[in-house]
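The values are calculated or read from the model by the stated rules, or taken from the named source; none is laboratory data. What you see is a predicted model, and the numbers here were worked out from it, not measured in a lab. Because the Cβ atoms are built from the backbone with ideal geometry, glycine has one as well, and the counts that use them run over all protein chains shown.
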Amino acid sequence: MDFADVHRPADARRRPHINSGGDGECPAGTEHVRPAGSVGRAEPVGDTIGQVTSSLLPHPVTAEPFESPVPPGAGWPGDPATPATLVATTTREVERLAGRAGSVAELDAAVSVCRACPRLVRWRETVATQGKRASFADQPYWGRPGPGFGDPQPEILVVGLAPAANGTNRTGRMFTGDRSGDWLYAALHRAGYASRPASTHAGDGQVLTGVRIVAAVRCAPPANKPDPAERHTCGLWLDRDLALTAPGLRSILALGAIAWDATLASARRLGWTVRRPRPRFTHGGQTNLVTTTGQAIRLVGCYHVSQQNTFTGRLTEPMLDEVLAGL
Ligand code: SF4
């Protein structure tokens, strides 16, 4: 295996994808195989470049060896994709692939291989290969978008901001392997939605019942700040998440203002009724979203479970428990 191959998903040479070149339309059913050179090595785009660890490393739970980023279908616990999963590389392709996902499983697979935001793809893969936190240098990094996690037919949809560079971007599961996740899963466990009080690695046995966790943006962004175009593009995945889960949904929990605004934007694109003027995010604030079939779904705001909020006491465990109890 040469140096370039170490940094390239093993299946990249045979992975089919939608080609939206030219006018973006292909004959029905036509798929194009991505040339080997089209998925290159990630280039550094930030300043957190640390130890280079690009060789095969054992998964912390299964001990199976993985490259970083993890190739689709390589056996990572909970990986929803396969080498045949279609890859979105533009906003238009996100819209098309999201629209044809017939289940959250299909949606999660498509999300987990998305490459539509060049800046975020470079960042997530650079962190996964060259920017690992020193304490995780002996672990493989997922290095792909974080797919939704939890009950495929939820009553509650939790919408976060974006994966953490050394959390979901390492473990491949939403809010897993970082301090924010420690808070969220502990609260979900206290409320009876999570089987375990902690969520450390994909494959650790964590099960959510009645709850599904997604995010406004599915790739780890530099400085935790996705730009408006990235938020819009990834919002198209959220549109489909809302559409697919809506029939059984009772509440949507938005963790922070960005998740709140992303959910309102998705609801509007889906043609749902949203109160005007636009409801503003507050902790504990609520508004009803009414689907095109007349179903009311409550949108509830909660301060994000980030360390910035939990360390400072802006968000306490009783505050989080109270919000969850009211969903
Ligand atoms: S942020 Fe969303 S739309 Fe952009 S590359 Fe990641 S998964 Fe795709």
Please state which of the following conditions Thr273 fails to meet, knowing it meets all the rest: (1) out of contact with any Ser or Thr (no Cβ under 7 Å at 6 or more places or on another chain); (2) within 26 Å of Ala191 (Cβ to Cβ). (2)
If you take the residues of the stretch 56-92 that are aliphatic (A, V, I, L, M) and more than 15 Å from Gln139 (Cα to Cα), which of them is nearest to the ligand (Cβ to nearest atom)? Ala88
I'd like to verify a number: residues in the stretch 215-255 that are more than 13 Å from the ligand (Cβ to nearest atom) and either among the polar types (S, T, N, Q) or in a strand (DSSP E or B) (or both), how many? 6
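Within the stretch 266-298, count every residue that is in a loop (DSSP other than H, G, I, E, B) and under 17 Å from Asp239 (Cα atoms).
Number of matching residues: 7.
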For Arg212, work out the one condition from (1) in a loop (DSSP other than H, G, I, E, B); (2) away from the ligand (no atom under 16 Å from the Cβ) it doesn't fulfil. (1)
Please find, within the stretch 93-118, the residue that is farthest from the ligand (Cβ to nearest atom) out of those that are basic (Lys, Arg) and more than 16 Å from the chain's Cα centre (by Cα). Arg100
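Rundown of residues vs (1) surrounded by fewer than 19 Cβ atoms within 10 Å (Cβ to Cβ); (2) over 16 Å from Glu230 (Cβ atoms), yes/no style:
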| residue | (1), (2) |
| --- | --- |
| Pro69 | no, yes |
| Gly78 | yes, yes |
| Glu125 | no, no |
| Gln130 | no, yes |
| Leu157 | no, yes |
List pairs: first in the stretch 107-121 and under 16 Å from Pro221 (Cα atoms) and modelled with pLDDT of 95 or more, second within 9 Å of the ligand (Cβ to nearest atom) and aromatic (Phe, Trp, Tyr), Cβ under 6 Å, 6+ apart or cross-chain? Val111/Trp237
Which listed residue, of Gly177, Gly146, is away from the ligand (no atom under 16 Å from the Cβ), crowded, with 24+ Cβ neighbours inside 10 Å and in a loop (DSSP other than H, G, I, E, B): Gly177
From the set of residues in the stretch 80-89 that are out of contact with any His (no Cβ under 6 Å at 6 or more places or on another chain) and surrounded by 17 or more Cβ atoms within 10 Å (Cβ to Cβ), which is nearest to Thr171 (Cα to Cα)? Pro80
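If you go through the stretch 191-212 one residue at a time, do you hit one that is under 30 Å from Gly294 (Cβ atoms) and among the aromatic types (Phe, Trp, Tyr)?
From the stretch 191-212, those under 30 Å from Gly294 (Cβ atoms) are 191-193, 208-212; that's our starting set.
Going one step further and asking which of them are among the aromatic types (Phe, Trp, Tyr), we end up with 193.
Yes: one or more hits.
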Does any residue in the stretch 230-254 that is without any contact (Cβ under 8 Å) to a residue 60 or more places away in the chain come within less than 6 Å, Cβ to Cβ, of a residue that is of a type in the set (Ser, Thr, Tyr) and more than 16 Å from the ligand (Cβ to nearest atom) six or more places away or on a different chain, and which pairs are these? Ala246/Thr291
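Got a sec? Which of Ala243, Ala265, Ala257 is closer than 22 Å to Phe175 by Cα and surrounded by fewer than 21 Cβ atoms within 10 Å (Cβ to Cβ)? If you could, list the steps in order and put the result at the bottom.
Values: Ala243 fails: closer than 22 Å to Phe175 by Cα; Ala265 fails: closer than 22 Å to Phe175 by Cα.
Going through Ala243, Ala265, Ala257 in turn, just one is closer than 22 Å to Phe175 by Cα and surrounded by fewer than 21 Cβ atoms within 10 Å (Cβ to Cβ): Ala257.
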Looking for something closer than 25 Å to Asn224 by Cβ and either among the β-branched types (Val, Ile, Thr) or crowded, with 21+ Cβ neighbours inside 10 Å (or both) - is there at least one such residue anywhere in the stretch 283-295? no
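Out of all the residues in the stretch 67-85, is one or more at pLDDT 95 or above and in a strand (DSSP E or B)? I'd like the intermediate steps shown before the answer.
In the first step, residues of the stretch 67-85 are kept if they are at pLDDT 95 or above; the result is 67-85.
Those still in the list that are in a strand (DSSP E or B) too: none.
For the stretch 67-85, residues at pLDDT 95 or above and in a strand (DSSP E or B): absent.
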Yes or no: Asp227 closer than 22 Å to Gly150 by Cα, acidic (Asp, Glu), surrounded by fewer than 15 Cβ atoms within 10 Å (Cβ to Cβ) and in contact (Cβ under 8 Å) with a residue 12 or more places away in the chain? no
